[in-house]
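Notes follow once the structure below has been shown.
The values are calculated or read from the model by the stated rules, or taken from the named source; none is laboratory data. The structure displayed is predicted, hence computed values, not measured ones. All Cβ positions, even for glycine, are placed from backbone atoms using ideal geometry, and neighbour counts span all protein chains on display.
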Amino acid sequence: MILQEAFYLGTGAQARFCVWRAPRDGALRGTIVHVPPFAEEMNKCRRATAEAARAFAANGFGVLQIDPLGCGDSAGEFGDATWSAWLDDVARATEWATSRASVPLWLWAIRGGALLACDAIARHPGRASMLLWQPVIAGSLHLTQFLRLKLAASMLAENAARAGTRALRDRLAARESIEVAGYDLHPDLAMPLDGARLDCDPAHVARIVWLEIAAADDDALSPASVTCIDRLRSRGIAVNDQAVHGPAIWQTVEIEECPALTDASLRALAQEQHVARDDAVLLRM
């Protein structure tokens, strides 16, 4: 049995809708703060992440899911959202979750949320670990893919989109908000995303679990992911990586779940806890 509690963290313009799930007996193996993906990908992943959060809680973890500024049931509009405001929201969520118990902290991020999590974990006062689902490595590519939605819509509506994403970036750089696929995009959200890269400091990150969806006939990570993981390991960060099979929940037409991601996460979290305990014993010897 698990405890599920929905509440607002803060009031007024600072109100952020949260859901806390935890074992009903209150004994926690760790706390997990969810850093959601970007824009429509967040909505596509809601069902899968809710199911995963319940599974994590049933296995002894306290899981806090937060809607950042302008998302879901939180205060504000998406057009109000900035990178720094979202970093503040992650920091507030982390502070709340870690106050529940003195147990290991994980940031659980999906797609573009991994870039935000990397920035957020660098500001966290202690060390934490990361659970990454299909992480985006370069924010510039992620933003380009998002901006192309506007170009595609323009071509369908007017048959006149010729400027490309560079012109849209120029408008953002000139401090102009733009509308993309129904989302008003603030330049102070877009430009930091454009410059973000997935990188971590071992002073802040204890370990990373990296999970990706692979094609049905393949068990390999993408070449870009392998390169990034090699770089992280060269910096002294332990990375537990795995490819699983299932739907790309962030982009499917119908809302999907991916039990393979949840199952692989639970196995990896258990494995990493054993490794962390072994490391702690060695340090005391």
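Computed values, structure above
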| quantity | calculated |
| --- | --- |
| Looking only at region 165-179, and only at residues there that are without any contact (Cβ under 8 Å) to a residue 40 or more places away in the chain and more than 16 Å from Ser140 (Cα to Cα), the one that is farthest from the chain's Cα centre (by Cα) | Ala174 |
| Matching residues, region 72-98, being charged (D, E, K, R) and more than 25 Å from Arg21 (Cα to Cα) | Glu77, Asp80 |
| Filtered residues of region 223-245 (kept if farther than 21 Å from Ala264 by Cβ and not basic (Lys, Arg)) | Thr227, Ser234, Gly236 |
| Pairs where the first residue, in region 74-92, is under 17 Å from Met191 (Cα atoms) and touching a residue at least 12 places away in the same chain (Cβ under 8 Å) and the second is part of a helix (DSSP H, G or I) and among the aliphatic types (A, V, I, L, M), C-beta under 6 Å, 6+ apart | Ala81/Leu189; Thr82/Leu189; Trp83/Leu189; Trp86/Leu116; Leu87/Ala120 |
| Positions within region 174-186 being surrounded by fewer than 19 Cβ atoms within 10 Å (Cβ to Cβ) and within 21 Å of Pro37 (Cα to Cα), in sequence order | Ser177, Ile178, Glu179, Ala181, Gly182, Asp184 |
| Qualifying position, being free of Cβ contacts under 8 Å to residues at least 60 places away in the same chain and among the basic types (Lys, Arg), among Arg197, Arg233 | Arg233 |
| All strands (runs of 3 or more DSSP E) inside region 1-99 with 2 or more residues being β-branched (Val, Ile, Thr) and under 30 Å from Val180 (Cα atoms) | 30-35 |
| Qualifying residue in region 94-116 (condition: among the aliphatic types (A, V, I, L, M), in contact with a His (Cβ under 7 Å, 6 or more places away or on another chain) and either in the same structural domain as Ala243 (by TED's automatic domain parsing) or buried (at least 21 other Cβ atoms within 10 Å of the Cβ) (or both)) | no |
| Region 226-272 - residue that is of a type in the set (S, T, N, Q) and surrounded by fewer than 17 Cβ atoms within 10 Å (Cβ to Cβ) and, of those, nearest to Leu131 (Cα to Cα) | Gln271 |
| Answer residue from region 174-191, given it is out of contact with any Ser or Thr (no Cβ under 7 Å at 6 or more places or on another chain) and in a helix (DSSP H, G or I) and is nearest to Pro68 (Cα to Cα) among those | Ala190 |
| The lone exception for Lys44 - which of (1) in contact with a strand residue (DSSP E or B) (Cβ under 9 Å, 6 or more places away or on another chain); (2) surrounded by 21 or more Cβ atoms within 10 Å (Cβ to Cβ) it fails | (1) |
| Scope region 10-52; condition farther than 29 Å from Ala270 by Cβ and either under 17 Å from the mean Cα position of the chain (by Cα) or in contact (Cβ under 8 Å) with a residue 40 or more places away in the chain (or both); matching residues | Gly10, Gly12, Ala13, Gln14, Ala15, Arg16, Phe17, Phe38, Ala39, Glu40, Asn43 |
